[in-house]
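Colleague: Quick one: the structure is below, and I'll ask about it shortly.
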Amino acid sequence: AAPEIQALNFGISDSSTPRQIELLEKVVLGFQPDVVILVLFLNDADLRGTSEFLRDGKVFAPLRRHSFFLNALIGSVEASRLHAEMVEHYQSGYTDGRPGWEAVKAALQKGKALSVTEGFEWVVALYPVLFQLDHRYPFDEVHRTIAQYCQAADIPFVDLLDSLRGQRDLDLWVHRTDQHPNERAHALAAAGLADRVEQLVMPVDKDRKRELLSEQIGK
């Protein structure tokens, strides 16, 4: 049977990975968690959000308000340009030496260190950009970069793209002009995390767990 689980949401809008670690230290640890899941999004490396790219589509805005055809024509050209800019922006943001990516890595390492001293399981989950969630997904290389870093740092990693791959992107958006995930996207992502969490919180010998923790701290 699955263990009884209580889930607490400490998500904060417009946050960052370093700020989430501050929240972990100042607030979350007070609840004595067994498992802490930090959710990453690609703009957490101090990058622009996808909604900002959508808002950039305003070339000839006054004229476009008066012509559906003109708006559609310019919009189709604009979309291709904005898509290319967004892909390049995210891909270049995850190269070694970029301040945002280095800050994320340092924060993940701090979370890992806290998990050892405070005795909780530390998991990093990566939420994909909800765009072209098939073989055309343009950020596979960025996902691999993050996954490889977590593997090298011995940080359990869950790529939520695996749970969303093949879905129609529009079906997962809050609105056609807002690519934030809706309830369907969250449900699929939650299912993708369920197995990992269950593995981590299955009943264990508490004495053995403390013994293993002592060994890790002593290394």
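Colleague: Kindly list the number of the only condition in (1) at pLDDT 95 or above; (2) surrounded by 20 or more Cβ atoms within 10 Å (Cβ to Cβ); (3) in a loop (DSSP other than H, G, I, E, B) that fails for residue 129.
Modeller: For residue 129, the failing item is (1).
Colleague: Name the single residue that is surrounded by the fewest Cβ atoms within 10 Å (Cβ to Cβ) among those in the range 165-193 being hydrophobic (A, V, I, L, M, F, W, C) and touching a Ser or Thr at 6+ places or on another chain (Cβ under 7 Å).
Modeller: We begin by selecting, within the range 165-193, every residue hydrophobic (A, V, I, L, M, F, W, C); these are 170, 172-174, 185, 187-191, 193.
So of that shortlist, the ones also touching a Ser or Thr at 6+ places or on another chain (Cβ under 7 Å) come out as 188-189, 191.
Numbers: 188: 16, 189: 21, 191: 11.
If we take residues in the range 165-193 being hydrophobic (A, V, I, L, M, F, W, C) and touching a Ser or Thr at 6+ places or on another chain (Cβ under 7 Å), then 191 is surrounded by the fewest Cβ atoms within 10 Å (Cβ to Cβ).
Colleague: Right, something else. If you check residue 139 against the conditions, is it surrounded by 14 or more Cβ atoms within 10 Å (Cβ to Cβ) and under 23 Å from residue 37 (Cα atoms)?
Modeller: In short, yes.
Rundown of residues vs (1) open to solvent by less than 30 Å² (accessible area, probe 1.4 Å); (2) at pLDDT 85 or above, yes/no style:
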{"residue": "4", "(1), (2)": "no, no"}
{"residue": "9", "(1), (2)": "no, yes"}
{"residue": "47", "(1), (2)": "yes, no"}
{"residue": "68", "(1), (2)": "no, no"}
{"residue": "79", "(1), (2)": "no, no"}
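Colleague: May I ask you to list pairs of residues, at least six apart or on different chains, whose Cβ atoms are under 6 Å apart, with the first in the range 99-119 being farther than 19 Å from residue 34 by Cβ and the second being open to solvent by 60 Å² or more (accessible area, probe 1.4 Å)?
Modeller: Qualifying pairs under 6 Å: 100/46.
Colleague: If only one of 23, 38 is assigned to a strand (DSSP E or B) and open to solvent by less than 50 Å² (accessible area, probe 1.4 Å), which one is it?
Modeller: 38
Colleague: Assess whether residue 176 counts as being modelled with pLDDT of 95 or more and farther than 24 Å from residue 144 by Cβ. Quick ask: steps written out before the conclusion?
Modeller: On the way: modelled with pLDDT of 95 or more: no; farther than 24 Å from residue 144 by Cβ: yes.
Criteria not met by residue 176.
Colleague: Related question: Only residues in the range 11-24 that are touching a residue at least 40 places away in the same chain (Cβ under 8 Å) count as the first member; pair them with residues that are in a helix (DSSP H, G or I) and open to solvent by 60 Å² or more (accessible area, probe 1.4 Å), Cβ under 6 angstrom, at least 6 apart or cross-chain, and list the lot.
Modeller: 21/110
Colleague: Quick check on the range 91-121: of everything there that is open to solvent by 20 Å² or more (accessible area, probe 1.4 Å) and in a loop (DSSP other than H, G, I, E, B), which residue is nearest to residue 156 (Cα to Cα)?
Modeller: Among those that are open to solvent by 20 Å² or more (accessible area, probe 1.4 Å) and in a loop (DSSP other than H, G, I, E, B), it is 119.
Colleague: Scan the range 170-198 and report the pairs whose first residue is over 20 Å from residue 42 (Cα atoms) and whose second residue is part of a strand (DSSP E or B) and open to solvent by less than 70 Å² (accessible area, probe 1.4 Å), with Cβ atoms within less than 7 Å and a gap of 6+ or a chain change.
Modeller: Filtered contacts from the range 170-198: 196/123; 196/158; 197/35.
The values are calculated or read from the model by the stated rules, or taken from the named source; none is laboratory data. Because the structure is a prediction, the values reported are computed rather than measured. When we count neighbours, we look across all protein chains shown, and the Cβ atoms used for this are built from the backbone with ideal geometry, even at glycine. Side chains included, ligands, DNA and RNA excluded: accessible areas come from the protein's heavy atoms. Shrake-Rupley method; radii C 1.70, N 1.55, O 1.52, S 1.80 Å.
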